Amino acid sequence: HALDAETGEIRWTNSGTGSMYILQQHDRPAFAGIAPQGYLVVSGDTLWKIAKKAEVYANSHMWPLLYRYNLARIKNPDRIEVDDIIIVIKDVNIKETRDAVRKARSRGDWRKWTDGDRRNWIETWVN
């Protein structure tokens with residue numbers, strides 16, 4: 001479960017039990033035992049700061065992975081909201097890791113990008 005830090009209310013629950021192979025909330029199939037973790041956004045958080053946390057990726061340049069796996073929740077990687085729940089996928093391969101770091105270093109100012117630039121940036125992931 002991901003809980004609201006102030007109220008204790010359940011904000012997100014992983015579906016499935018045991019070791020069933022199920023479709024997770026991030027639209028990727030996985031065994032329930034290795035389900036994604038949720039991170040509850042607090043005031044002052046950015047994808048950069050969240051990725052840098054030891055319990056997430058311990059590398060701020062990995063923030064594009066957070067964006068990639070939360071496209072349905074995050075329209076602009078520079079704007080996340082308090083109480084958003086960010087899905088954290090830890091089981092990423094070396095190509096995804098390298099591509100995330102490359103994207104983080106080369107992105108530039110998102111405000112100057114066209115919708116086509118954004119789509120291309122998202123669609124050019126190395127899998």
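Values as computed for the structure displayed
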{"item": "Test: residue in the stretch 13-29 that is surrounded by fewer than 17 Cβ atoms within 10 Å (Cβ to Cβ), in a helix (DSSP H, G or I) and either at pLDDT 90 or above or not small (Gly, Ala, Ser) (or both)", "result": "no"}
{"item": "Count - residues of the stretch 67-91 that are over 15 Å from ILE50 (Cβ atoms) and either of a type in the set (A, V, I, L, M, F, W, C) or in contact with a Leu (Cβ under 9 Å, 6 or more places away or on another chain) (or both)", "result": "2"}
{"item": "Matching residues in the stretch 92-115 - criterion: being of a type in the set (D, E, K, R), modelled with pLDDT of 80 or more and either under 21 Å from GLY38 (Cα atoms) or open to solvent by 50 Å² or more (accessible area, probe 1.4 Å) (or both)", "result": "LYS95, GLU96, ARG98, ARG102, ARG105"}
{"item": "Pair list, Cβ under 9 Å, 6 or more apart: the stretch 65-77 residue of a type in the set (Val, Ile, Thr), other residue open to solvent by less than 40 Å² (accessible area, probe 1.4 Å)", "result": "ILE74/LEU47; ILE74/LEU66; ILE74/TYR67; ILE74/ILE80; ILE74/ILE86"}
{"item": "Where ARG118 falls short, out of the listed (1) over 21 Å from GLN37 (Cβ atoms); (2) in a loop (DSSP other than H, G, I, E, B)", "result": "(2)"}
{"item": "Residues of the stretch 67-88 that turn out to be crowded, with 18+ Cβ neighbours inside 10 Å and part of a loop (DSSP other than H, G, I, E, B), as a count", "result": "5"}
{"item": "Matching residues in the stretch 42-62 - criterion: being open to solvent by less than 20 Å² (accessible area, probe 1.4 Å) and either without any contact (Cβ under 8 Å) to a residue 40 or more places away in the chain or closer than 16 Å to GLU81 by Cβ (or both)", "result": "LEU47, ILE50, ALA51, VAL56"}
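The values are calculated or read from the model by the stated rules, or taken from the named source; none is laboratory data. Here the structure is a predicted model, which means the values were calculated and not measured. For neighbour counting, all protein chains shown are included, and Cβ atoms are generated from backbone atoms with ideal geometry for every residue, glycine included. The accessibility values were calculated without ligands, DNA or RNA, using every heavy atom of the protein model including side chains. Shrake-Rupley method; radii C 1.70, N 1.55, O 1.52, S 1.80 Å.
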